[in-house]
1. Failed condition for Glu115, given (1) over 21 Å from the mean Cα position of the chain (by Cα); (2) under 25 Å from Gly364 (Cα atoms); (3) surrounded by 16 or more Cβ atoms within 10 Å (Cβ to Cβ), with all others met?
2. What are the pairs, 6+ residues apart or on separate chains, where a residue within the stretch 337-348 that is in contact (Cβ under 8 Å) with a residue 24 or more places away in the chain has its Cβ under 6 Å from a residue that is open to solvent by 20 Å² or more (accessible area, probe 1.4 Å)?
3. From Gly254, Gly308, Gly361, Gly259, which residue is over 14 Å from the mean Cα position of the chain (by Cα) and on the phi > 0 side of the Ramachandran plot?
4. Pull up the stretch 448-463, narrow it to residues that are of a type in the set (Gly, Ala, Ser) and open to solvent by less than 60 Å² (accessible area, probe 1.4 Å), then point me to the one that is farthest from the chain's Cα centre (by Cα).
5. Inside the stretch 34-70, can you point out the residues that are in a helix (DSSP H, G or I), hydroxyl-bearing (Ser, Thr, Tyr), under 16 Å from the mean Cα position of the chain (by Cα) and under 22 Å from Ala239 (Cα atoms)?
6. Would you please name the residue that is most open to solvent (accessible area, probe 1.4 Å), looking only at residues in the stretch 199-220 that are part of a helix (DSSP H, G or I) and either touching a Ser or Thr at 6+ places or on another chain (Cβ under 9 Å) or among the polar types (S, T, N, Q) (or both)?
7. Only one of (1) open to solvent by less than 10 Å² (accessible area, probe 1.4 Å); (2) out of contact with any Asp or Glu (no Cβ under 8 Å at 6 or more places or on another chain); (3) modelled with pLDDT of 85 or more is not met by Leu127, so which one is it?
Amino acid sequence: MTIPGAVPRKRAFRSAGRQGSKALFAFSARGLQQVSTLVITLLAARFLLPSEYGIYSLGIVFIVLVQTMTYTGFYQFILTAREDDGAVLSTCFWLIVGLVSLASLLLALAAFPLEWMFQARPLGTVLVLLALIQPLASIGAWSSATLLRRGEVMRNFAVMFVQNLVALLGGAVLLVTWHSIYALVAFRYLRVLTGAILYALLGRDRPRLIFRRDLAGRAMAFSGSLYGSRLLNFLARYAADLLLGAFHSPTAVGLYRFGSRVATGATDVFTQPMCTFAATQFGAAARQDKDLATPLARFAGTITLLSGIAGAVIIVFARDVIAIFFQPSYFAALVVTYAMALRGAASVGQTLVEPVFAALGRTGRVMMFDMVSTAISIAAIFAASPFGLEVLAWIQALVVLGTTAWAFHLLRWQGRIRIGGAVRNLAGAAALSAGYGLVLFAGRAMLSWVPVDRIEALGLGLVTAALLALAVLALAARLRVFSLGAFSG
């Protein structure tokens, strides 16, 4: 005899299990990219001086500028365009590769003038080497977009997982055996080459000699505002590095970037996979003319809770990690880590503006949002820079909190999307994250009285943090603040 309701409950459990498996694998794959970068950063802090790491960090700032052209604009157009797959994919391939190749050439030409401007040898050589590999990285980005367009999110994450695992292991070996800035450059090469090979083997699509000018025109019109907004977002995020390098020294850049990377490397483990899921879900919802308020509420609560939990762990345990594993000179970066952890937890609005308006085809709204937020951020950075790393970091955290409020206002005003559910979920997730952090801090204080060495105490603390996080996620799911539905492709 079948108990009434038993079959639907079993199906619901199986569906939840599948979504949970997707979520776990998504975080393992996309998160591994952040973990590998974080681990390499930590190894660099162990073997390199802050001034040496600062030179590499300056180089990466300009590479990130090139990468903003790789994973937005034409990339987003592939996900949202309603035209024939073959024409969209081939036309956008030539657009992406051409744009990134041009940007890489310009960066290579500017490399040594930038070295002279920042008085940071061997920045020029580092920039030339990193620029050379970017066109190949753009092919990997195109392959990723083609898989996402076809709904093969898990295949895309599988490639990403292997790519980042190889980069992590290879990069660690390189730094341990070769204490040099060029080991970090080789780590970047290893990641790009591995991804290119995997996408070539596992990707279902190949570019053809098709270039539709009408389609390219629409792609450019769609992408122009996104590229502009990403450039503004880049300036907001990295203007501090550039100003510290110009007005202070590579050492200040190294300390700032180390503190920022420790925080953002951990919070991005959660936010980066969510960006992929958000772009896919909002794009699909828009193509099917569905209400975007539902996925907006779903992602607002889920992203805030996950990044808030990560931020709390960073704030509670960062001092112990630096004391155990790194040179004492990196303690100066600790306050930056605290501020950037809170900034990451407060950035949900910025995270969601682009996928929502891209899905609506109103990319100009993204440009408007980023113009306002970037102008405020850069003005704050200019004002705070003379007062040191601490003031600079906290001012940025406050600016991001304010721009998240502006983002939700813009979604309601210009996007005509109901935001009540999203705001409720965001507030609930923030409260749960704060409670989690307070309990974790109390537990960390109690562990200081346990008669074990520092490494064992840190291990016990992190295990406790993980178990407590699972309990908070379960409670949040029951309160409908956190949803496994955010992890579908």
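The values are calculated or read from the model by the stated rules, or taken from the named source; none is laboratory data. Keep in mind that this is a model prediction, so the values were computed, not measured. Note: ideal-geometry Cβ built from the backbone for every residue, glycine included; neighbour counts use all protein chains shown. Accessible surface is based on the protein model in full, side chains and every heavy atom, while ligands, DNA and RNA are left aside. Shrake-Rupley method; radii C 1.70, N 1.55, O 1.52, S 1.80 Å.
1. Failing condition for Glu115: (2).
2. Taking only residues 6 or more apart or on different chains, the pairs are Thr337/Val262; Tyr338/Ile315; Ala339/Trp394; Ala341/Ile315; Ala346/Leu401.
3. Working: Gly254 fails: on the phi > 0 side of the Ramachandran plot; Gly308 fails: on the phi > 0 side of the Ramachandran plot; Gly259 fails: on the phi > 0 side of the Ramachandran plot.
Of the residues listed, the single one that is over 14 Å from the mean Cα position of the chain (by Cα) and on the phi > 0 side of the Ramachandran plot is Gly361.
4. From the stretch 448-463, those of a type in the set (Gly, Ala, Ser) are 448, 457, 459, 461; that's our starting set.
From what's left, open to solvent by less than 60 Å² (accessible area, probe 1.4 Å): 457, 459, 461.
Values: Ala457: 30, Gly459: 26, Gly461: 26 Å.
For the stretch 448-463, the residue satisfying everything is Ala457.
5. Narrowing the stretch 34-70 to residues in a helix (DSSP H, G or I): 34-47, 50-68.
Filter again for hydroxyl-bearing (Ser, Thr, Tyr), leaving 36-37, 41, 51, 53, 56-57, 68.
If we keep only those that are under 16 Å from the mean Cα position of the chain (by Cα) as well, we get 36-37, 41, 68.
Hits for the stretch 34-70 are Thr37, Thr41, Thr68.
6. Among residues in the stretch 199-220 that are part of a helix (DSSP H, G or I) and either touching a Ser or Thr at 6+ places or on another chain (Cβ under 9 Å) or among the polar types (S, T, N, Q) (or both), the one most open to solvent (accessible area, probe 1.4 Å) is Arg213.
7. All conditions pass for Leu127, except number (2).
Yes/no matrix, rows are residues, columns are (1) in contact with a His (Cβ under 6 Å, 6 or more places away or on another chain); (2) closer than 16 Å to Gln134 by Cβ; (3) of a type in the set (D, E, K, R):
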site: His179; (1), (2), (3): no, no, no
site: Tyr182; (1), (2), (3): no, no, no
site: Val185; (1), (2), (3): no, yes, no
site: Val192; (1), (2), (3): no, yes, no
site: Arg208; (1), (2), (3): no, no, yes
